[in-house]
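First the structure, in the form of structure tokens, and then the observations on it.
Please treat every number below as a calculation from the coordinates, not as lab data. Source: prediction; values computed, not measured. Every residue, glycine among them, receives a Cβ derived from its backbone with ideal geometry; neighbour counts consider all protein chains shown.
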């Protein structure tokens, strides 16, 4: 206390200031590290959301178009004994619906198909010459292939080729619909025409045009596409795997298979569509130049074979991707084909 009776104010010492500044520096450093980690996590999450958003949009486009597939069937005359008299009627159509191994397409323009492929006809109204006719039938197909983006990127982009798995859409305009290209001959022995080659447009002397010119990439980094036609959702209490398909136990389906009573000239009532996508960061990490990345190609080069093993096969693929630390997402949906008029009859009716 001073002689005037007042206390003297005491300030911080240099040591106290240095300790406080040190603590503040540590706190600021920790806060900066936390903010950096949050920013990196946000960037990664945003990148994944953006990548899988592209896959989601492509999946929605594919399933929406598939739901409109149709055969437009009708009944034609049947003369079994060749006496010129009508013995009955049989169900037929000039259109076609097929689920097949994508590898059966063969390599085209450097694209290597994997998994399953689906090809169908639908009133999608896509036309270049007749844009106002919205109900024109189009041939449409979807499959996954590994290859370069050389034929898909704009010509003004002079960049190195990017080799990726892509979901491809076969999308010829209505005026180039080649479904009738191999059906010009008169029906033989009362059997319906078999329109089986229209989606090989320009290949093996089938139709006009070029198959590759009608390919459109919907999304990159789609590893595989799995198509399972089915007539119903099997009730698991019956003792059977609910993923098994009665009409396509091996995933294969051909509406032109006239020897198959279950599928002849009919579209399936339901189609289960499954698609597996990975993000761009994982694709870059496993990139292997012009050849498919061995780390994941073994998972998709052999498509699923039996529908009753669907769940186990999907789990095996997912477990392998997780073990390789490849970020992925599985899209799956049961698609209702609105034009299906399913019947278990043989497709032959007698008066």
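Details
- Packing around the peptides 246-255, 139-148, 70-79, taken as the average count of other Cβ atoms within 10 Å per residue, puts them in this order, highest first: 139-148, 246-255, 70-79.
- Computed packing ranks the peptides 159-172, 316-329 as 159-172, 316-329, most packed first, by mean other Cβ atoms within 10 Å.
- The stretch 55-349 shape via C-alpha gyration tensor axes, a/c threshold 1.5: oblate
- Ranked by the mean number of other Cβ atoms within 10 Å per residue, highest first, peptides 91-104, 217-230 order as 217-230, 91-104.
- Relative contact order (%) - criterion: Cα under 8 Å, at least six apart; region: the stretch 55-349: 20
- Between residue 57 and residue 149, the FRET efficiency from the beta-carbon distance, with R0 = 22 Å, is close to 0.75.
- In this rough spin-label picture, where each label sits 7 Å from Cα along the Cβ direction, the residue 42-residue 24 distance is 2.6 nm.
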